[in-house]
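Some notes on the structure that comes next.
We did not get these values from a lab; they are worked out from the coordinates using the rules stated. Bear in mind the structure is a predicted one, so any value in this text is a computation, not a measurement. We place every Cβ from the backbone using ideal geometry, glycine too, and count neighbours over all the protein chains shown.
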Amino acid sequence: MKIYTKTGDQGSTSLLGGTRVSKAHPRIETYGTVDELNCYIGLLRDQAVNESRKDFLKEIQDRLFTIGSNLAAESHRETRKTPDLIESDVEALEKAMDIMNEHLETMRFFILPGGHQSISFGHLARVVCRRAERLCVALAEEETVESLIIKYLNRLSDYLFVLCRQMHADLQIEEIAWKPRV
């Protein structure tokens, strides 16, 4: 199978279902951002500090492929076959956050991203996740987007924030407090 088809040379691509749309279509931008997020999750998974979380991060990547499949499918097709995102996927993120939060100090200030390359990668993933969520919300105002996708992305950004805090603790690096100049 050749990876190139030449069908997109004029700036269009196909949704799952066959409809051709501009590569600048909001649906393409949205699932492209989810794909970008998936790459950052892979980068986080590759960090030594996340060795014990590798399998969970791989599950998140799988869910992001599921989300991408759903976003790439034509919204008006009821018979489309795409993988399922289910409520327990959101609950798994919540459980993971609860476990990490049991051992983290109470937040007393806003935290600046950084302190270690692994933590910075986590914050990049978090902000890309927020962008993907915003794009899904905007797309949902025009087309059908499953509400569970938006919920999952919202919870994933929270998970990534807590993960960054956990990496600070695991690496024994002090969180960088934001101290506003007033």
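Principal-axis analysis of the Cα atoms of the chain puts helix 117-140 at an angle of about 40° to the longest axis.
For Kirkwood radius over Cα pairs in Å, the candidate list reads (i) 17.1; (ii) 17.7; (iii) 19.2; the entry that matches the value derived from this model is (ii). What number comes out for the charge environment of S118, summing +1 per Lys or Arg and -1 per Asp or Glu over other residues with Cβ under 10 Å away? With Lys, Arg at +1 and Asp, Glu at -1, the net is -2. Helix 87-101 and the longest principal axis of the C-alpha atoms of the chain enclose an angle of approximately 20°. In terms of the mean number of neighbouring beta-carbon atoms within 10 Å, the peptides 134-147, 102-115 order highest first as 134-147, 102-115.
With the helix formula -39500 (n - 2.57) applied to DSSP H stretches of n ≥ 4, the chain reaches a computed 222 nm mean residue ellipticity of -19500 deg cm²/dmol. When you restrict to C-alpha pairs under 8 Å that are six or more residues apart and normalise by the size of the range 83-155, the relative contact order lands at 44 percent. Working from Cα pairs under 8 Å separated by at least six residues, relative contact order for the chain is 26 percent.
In a reduced charge model with +1 at each Lys and Arg Cβ and -1 at each Asp and Glu Cβ, the range 45-182 shows a dipole moment near 520 debye about its Cα centre. The angle separating the long axis of helix 26-45 from the principal Cα axis of greatest extent in the chain is about 40 degrees.
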